[in-house]
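Inspection log for the structure reproduced underneath, given as structure tokens.
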Amino acid sequence: MSVDQLSTPLSKDHAYKLVDAVMERDDLALTASAHENEATGEWFFEAVCDSPPDLEAFTELARQTLGGAVQWNVTRLDPEVNWVAKSLEGLPPVIAGGFYVYGSHHEGPIPGGLTPMRIEAAQAFGTGHHETTTGCLEAIDRVLKRRRPRRLIDVGTGTGVLAIALAKRLKTTVIASDIDPIAVSTTIDNAAINGVSRFVLPIEATGLNHPTIALGAPYDLIVANILAGPLMALAPAMGRVAEPGASIILSGILEHQARGVIIAYARQGMILTQKLQRKDWTTLMLQNR
């Protein structure tokens, strides 16, 4: 597979806004990131894409997100290099909800009193750095301070970071489902790295449509960090697999989309208890009546 890097200089705020907009979609890029040139202080937006990138779609998204057009630089990348992982190298560790998320490139000591998770960069969402992931980790921490769930599922697991967080804290089985086979493979690897393979059960599934998921229901904790549209579409299925009193954590939601997701889940008897906002992203904590 040939890959290209798409880049353009932007202000720091605009670079991060465009990253969020690109990552909200699954058809434009393998990954997107914002970087600062340490020598000049200039910020850049970068995206790694299948060749050739859809420049027209990127331009329109930039116009919608930033209010104007940008000029793109396109560079052909060596297909033998995992550029998705390489673009994420050097990211600093993340602390959220009492968890310490780091990559193999991190050489510093792991602080005491935190739950460490080594999550390797891969072609799957969830290194712990995005506001949706940190929001979910904080929400998980809040739920676990109140109760000890016994039947758990992480829908749209990505790299498995949330399922691994639950497994490390609870030492109980967590189903980690994803529609993407690369995400399932990445979760298997990350669970092994973190010593929780016996607790994390990765499965390839579309939404909640899988015999293993049906067999494990009803769940008393459901976590889903995907996107607002799929979350609303999944609301009826979530209602069927959530036991009375279950905790539900939803993210991947822009603030202006939150009301629609809240209404969709309220129709299934799931009531908002807390809302965590990180930049433009919202994490919802609900309870099944």
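Under conditions of 20 °C and 1.002 mPa s, the stretch 115-271 yields 140 µm² s⁻¹ as its translational diffusion coefficient, taking Rh as the Kirkwood radius over Cα pairs in the Stokes-Einstein equation. Peptide packing: for 191-201, 173-183, the average count of neighbouring Cβ atoms within 10 Å per residue gives the ranking 173-183, 191-201, highest mean first.
Look at the dipole of the chain built from charges on Cβ: of 98, 134, 161, the Cα furthest out on the positive end belongs to 98. Residue exposure proxy: 58, 45, ordered by other Cβ atoms within 10 angstrom of their Cβ from fewest to most, comes out as 58, 45. Exposure proxy for 14, 35, 256: other Cβ atoms within 10 Å of each Cβ, ordered fewest to most, give 256, 35, 14.
In a DSSP loop and with at most 11 other Cβ atoms within 10 Å, the GluC sites (Glu not before Pro) in the stretch 10-72 are 38. Annotation: the residues 234, 250, sorted from fewest to most other C-beta atoms within 10 Å of their own C-beta, follow the order 234, 250.
Rule-based calculations on the coordinates, nothing more; no lab input. Note that the structure is a prediction, hence the values are computed from the model and not measured. In this analysis, Cβ positions are derived from the backbone assuming ideal geometry, glycine residues included, and neighbour counts consider all displayed protein chains.
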